[in-house]
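Enquirer: Right, I'll just put the structure down here and ask away after.
The values are calculated or read from the model by the stated rules, or taken from the named source; none is laboratory data. Bear in mind the structure is a predicted one, so any value in this text is a computation, not a measurement. Please note: Cβ atoms are built from the backbone with ideal geometry, for glycine as well, and neighbour counts cover all protein chains shown.
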Amino acid sequence: MQLPQRLARFNRHVTNPIQRMWAGWAPSFCILEHVGRSSGKPYRTPLTVFNAEVDGKPGVAILLSYGPDRDWLKNLNAAGGGKMRRHGKTFGVANPRTVTKEEAASHVIGAGRRVFPRIPFEQAVLLTKTG
């Protein structure tokens, strides 16, 4: 399942500005900081994330609720990573890898392990934490 693109546009202009106020602190949410691939402009995107272990290292998994054609994902891929603010702490993320939800589910750890496979989306992104 993939959510409609008109909902993505609505969220970008209405919901995301509101979520930016609290997503870096709230459980299961984050603020992804990334740089525009053409403009060089900094962006802050609120996302839902799950703790993961990626290639034996701490990381995160993000379900692609609107599919893989997202500007934030294109920006991460172009730059090789970005920064994430979660639980009030900022850390680097790198090595974005788009995978199936089933593959990502095998990397999810902690409480999210039970919830992640039940969310009805098809693809996810795995990122490693860089400090």
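Enquirer: Just give me the residues in region 84-106 being at positive phi and at pLDDT 95 or above, in sequence order.
Expert: Applying the first criterion (at positive phi) to region 84-106 yields 87-88, 95.
If the condition is that a residue be at positive phi and at pLDDT 95 or above, then 95 is the only one that fits.
Enquirer: Out of 131, 92, I need the residue that is in contact (Cβ under 8 Å) with a residue 40 or more places away in the chain and out of contact with any Asp or Glu (no Cβ under 7 Å at 6 or more places or on another chain). Which one?
Expert: Details: 92 fails: in contact (Cβ under 8 Å) with a residue 40 or more places away in the chain.
From the options 131, 92, the qualifying one is 131.
Enquirer: Which pairs turn up if I take residues in region 60-83 that are modelled with pLDDT of 95 or more and look for partners that are surrounded by fewer than 21 Cβ atoms within 10 Å (Cβ to Cβ) and charged (D, E, K, R) with beta carbon separation below 6 Å, at least 6 apart in sequence or on another chain?
Expert: That search, which allows pairs on different chains as well, returns 75/37; 78/37; 82/33; 83/33.
Enquirer: So, in region 47-59, how many residues would count as being touching a residue at least 24 places away in the same chain (Cβ under 8 Å) and out of contact with any Ser or Thr (no Cβ under 8 Å at 6 or more places or on another chain)? It would help to see each step written out before you state the result.
Expert: Within region 47-59, the first condition is being touching a residue at least 24 places away in the same chain (Cβ under 8 Å), and the residues that meet it are 47, 49-55, 57-59.
Narrowing the set further to residues that are out of contact with any Ser or Thr (no Cβ under 8 Å at 6 or more places or on another chain) leaves 47, 51-53.
Total meeting the criteria: 4.
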